[in-house]
Amino acid sequence: MNGQTRSVEVADKKAGVKKIAHTKATADTHIGTPLQGMLSKVFVKPGDQVKKNTPLFTIEAMKMETTITAPKDFKIEKVVLAEGNLVEADDLVLETN
């Protein structure tokens, strides 16, 4: 333009960030994440009978690991999220009976 070179950047309006929203833990039989981070390890599988204070899964956030334990005795019905998923607070990880 006017004898000078100009740099032009064209944005693709179709491109964007796709946010994945996980189901939230809302029922008494749901075990959710207390904080956001990465679900780094799941210690249980469907059919496991767990006792109170048994480790269920670990969340890694800001180079720290937080292990979530069973609040009471119950049986694991379903593991909803797999290891490696990024989670937000209250995302559903386990369903119990």
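Coordinate-derived values only; no laboratory data. Just so you know, these numbers come straight off a predicted model, no measurement behind them. Virtual Cβ from ideal backbone geometry, glycine too; neighbours counted across all protein chains shown.
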Cα-based reach from Lys18 at 18 Å (exclusive), listing aspartates and glutamates while leaving out same-chain residues under 8 positions away: Glu88, Asp91
Positive end of the charge dipole of the chain (Lys, Arg +1 and Asp, Glu -1 on Cβ, about the Cα centre): tell me which of Pro55, Val8, Ala27 has its Cα farthest that way. Val8
With a cut-off of at most 12 other beta carbons within 10 Å, and DSSP calling the residue loop, which GluC sites (Glu not before Pro) in the chain qualify? Please list them. Glu9, Glu83
Exposed-site-free run, longest, the chain (rule: trypsin sites (Lys or Arg not before Pro); DSSP loop; at most 13 other C-beta within 10 Å): 20-50
Charge tally in the Cβ shell below 12 Å around Asn85, where Lys, Arg are +1 and Asp, Glu are -1, Asn85 excluded: -3
How large is ³J(HN,Hα), in whole Hz, for each residue of region 44-60 in order, when computed from phi with the Karplus curve 6.51 cos²θ - 1.76 cosθ + 1.60 and θ = phi - 60°, using x for Gly and Pro? 10, 9, x, x, 5, 9, 10, 9, 3, 6, 6, x, 9, 7, 10, 10, 9
Reviewing [x] 34, 12, 10; [y] 43, 14, 10; [z] 54, 13, 9, the figure for semi-axes √(5λ) of the Cα gyration tensor in Å actually calculated from this model sits under [y]
Say we join alpha carbon atoms closer than 10 Å with springs in a Gaussian network model of the chain; which of Gly32, Gly47, Gly16 then has the biggest fluctuation? Gly16
Note down the net charge around Pro34, summing +1 for each Lys or Arg and -1 for each Asp or Glu among other residues with Cβ under 12 Å from its Cβ. -3
